[in-house]
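Working notes, structure below.
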Amino acid sequence: MAWYYLSLGSNIQPETHLAQTLFTFSQEFGPLLVLPVVRTQPCNMKSAHAFLNTLVILRSGLDWQPLKQYFNRLEEKAGRDRNDPERATKDRPLDIDIVAQSLQLSLSPFQSSSEPYCLASLQALHEQQPDTPCVPLQIGKKKLTGHSAATVHAHYSSGH
């Protein structure tokens, strides 16, 4: 079992797509660590639609390639055309990237990233300033809010 460090983004119905994806991840992989969800401006593309981005850590026994294929299927299910040669510069309902894989749990794989959307989520976590653009998400019966990392687990009940 390895820890996978993911960046998630969406600028087409982002609240819906990110919430559904986090719920699906929780059902598939168990508890997730989700960093603050932040609103960011598009990076390396022209769009009038802001993104919602977050960072997620999950644990899986899958190798990198089958896991990426699973994420690609989730992107396609959300409506992303992965065959479009311009897909990297177009608006997207869902984008799931594997940032790193590790046998030890740590935030360092995110901290070494230079991607602005990764840095925005980390900054919101560390600074905890009320003016940082954090966005609440409804995931199942739970609501993610604020500047703290949260654990998400879809199999909640009185026994969990």
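Here are some notes:
- Of the residues in the stretch 109-121, at least one is surrounded by 17 or more Cβ atoms within 10 Å (Cβ to Cβ), outside any loop (DSSP other than H, G, I, E, B) and in contact with a Pro (Cβ under 6 Å, 6 or more places away or on another chain).
- Residue in the stretch 86-96 that is out of contact with any helix residue (DSSP H, G or I) (no Cβ under 8 Å at 6 or more places or on another chain), open to solvent by less than 50 Å² (accessible area, probe 1.4 Å) and of a type outside the set (Lys, Arg) present: no
- Here the stretch 122-137 is the region considered, the condition is being in a helix (DSSP H, G or I) and open to solvent by less than 80 Å² (accessible area, probe 1.4 Å), and the residue that is modelled with the lowest pLDDT is LEU125.
Here's the yes/no breakdown for (1) farther than 17 Å from ARG92 by Cβ; (2) out of contact with any Pro (no Cβ under 9 Å at 6 or more places or on another chain); (3) loosely packed, with under 14 Cβ neighbours inside 10 Å; (4) without any contact (Cβ under 8 Å) to a residue 60 or more places away in the chain:
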{"residue": "GLU28", "(1), (2), (3), (4)": "yes, yes, no, yes"}
{"residue": "PRO31", "(1), (2), (3), (4)": "yes, yes, no, no"}
{"residue": "VAL34", "(1), (2), (3), (4)": "yes, yes, no, no"}
{"residue": "THR40", "(1), (2), (3), (4)": "no, no, no, no"}
{"residue": "SER47", "(1), (2), (3), (4)": "no, yes, no, yes"}
{"residue": "LEU52", "(1), (2), (3), (4)": "no, no, no, no"}
{"residue": "LEU58", "(1), (2), (3), (4)": "yes, no, no, yes"}
{"residue": "LYS68", "(1), (2), (3), (4)": "no, yes, no, yes"}
{"residue": "GLU76", "(1), (2), (3), (4)": "no, yes, no, yes"}
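- Subset of the stretch 65-94 [at pLDDT 95 or above and either farther than 15 Å from HIS17 by Cβ or in a strand (DSSP E or B) (or both)]: GLN65, PRO66, LEU67, LYS68, GLN69, TYR70
- With respect to the conditions (1) basic (Lys, Arg); (2) modelled with pLDDT of 95 or more; (3) under 14 Å from the mean Cα position of the chain (by Cα), ARG39 falls short on a single one, namely (2).
- Across the stretch 85-103, the number of residues qualifying as more than 14 Å from the chain's Cα centre (by Cα) and either closer than 20 Å to VAL37 by Cβ or among the hydroxyl-bearing types (Ser, Thr, Tyr) (or both) comes to 3.
The values are calculated or read from the model by the stated rules, or taken from the named source; none is laboratory data. Here the structure is a predicted model, which means the values were calculated and not measured. Don't worry about glycine lacking a Cβ; one is built from the backbone with ideal geometry, like all the others, and counts go over all protein chains shown. Accessible surface areas use protein heavy atoms only, side chains included; no ligands, DNA or RNA. Shrake-Rupley method; radii C 1.70, N 1.55, O 1.52, S 1.80 Å.
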